[in-house]
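One structure below.
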């Protein structure tokens, strides 16, 4: 990270952004996980990647936070006390204000065992723990791009093969 202090009237530039000016974020992410160590890492990494990040360490409070924060994506742990990720996801799919928010499960469980239950509860994707922050960012970018294309009815362009016989 580069800090640059310019001798002009007190302008500070941080990674190419003038401090004090509004910064356009790449989107809002809500992270719901009962492990603060994991949420701290995700929050720091996704914030440095340009996202606005809100963290909730309680599954029950996460459902309420999603309604008020209105994130563009939710990163949701599956194994949590009181209400597991499947229940949280199902609740969000029933609510008008949260039903269309993409949900990416973070799971320490076996992906093969989890896949069917994840899709059934309404998840868009899942990433197995432990994961690298780079991998998580790639998946977040992929899901966000897919949702963006769907909302504008854009379809990806694929090269066509000339099928002359």
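Overview of results
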item	result
Residue ranges of helices (runs of 4 or more DSSP H) in the range 80-165 with at least 1 members modelled with pLDDT of 65 or more, more than 21 Å from residue 26 (Cβ to Cβ) and touching a strand residue (DSSP E or B) at 6+ places or on another chain (Cβ under 9 Å)	85-94, 111-121
Single unsatisfied condition, residue 29 versus (1) part of a helix (DSSP H, G or I); (2) at pLDDT 90 or above; (3) in contact with a strand residue (DSSP E or B) (Cβ under 6 Å, 6 or more places away or on another chain)	(1)
So residue 12, is it modelled with pLDDT under 95, assigned to a strand (DSSP E or B) and more than 19 Å from residue 88 (Cβ to Cβ)	yes
Meets criteria (touching a strand residue (DSSP E or B) at 6+ places or on another chain (Cβ under 6 Å), closer than 16 Å to residue 132 by Cα, buried (at least 19 other Cβ atoms within 10 Å of the Cβ) and modelled with pLDDT of 95 or more) for residue 42	yes
Some residue of the range 84-100 being free of Cβ contacts under 8 Å to residues at least 60 places away in the same chain, within 22 Å of residue 141 (Cβ to Cβ) and either loosely packed, with under 15 Cβ neighbours inside 10 Å or within 12 Å of the chain's Cα centre (by Cα) (or both)	yes
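The values are calculated or read from the model by the stated rules, or taken from the named source; none is laboratory data. The structure presented is a predicted model; accordingly, all values stated were derived computationally and were not measured. Positions of Cβ are generated from backbone atoms using ideal geometry, with glycine treated the same way; all protein chains shown enter the neighbour counts.
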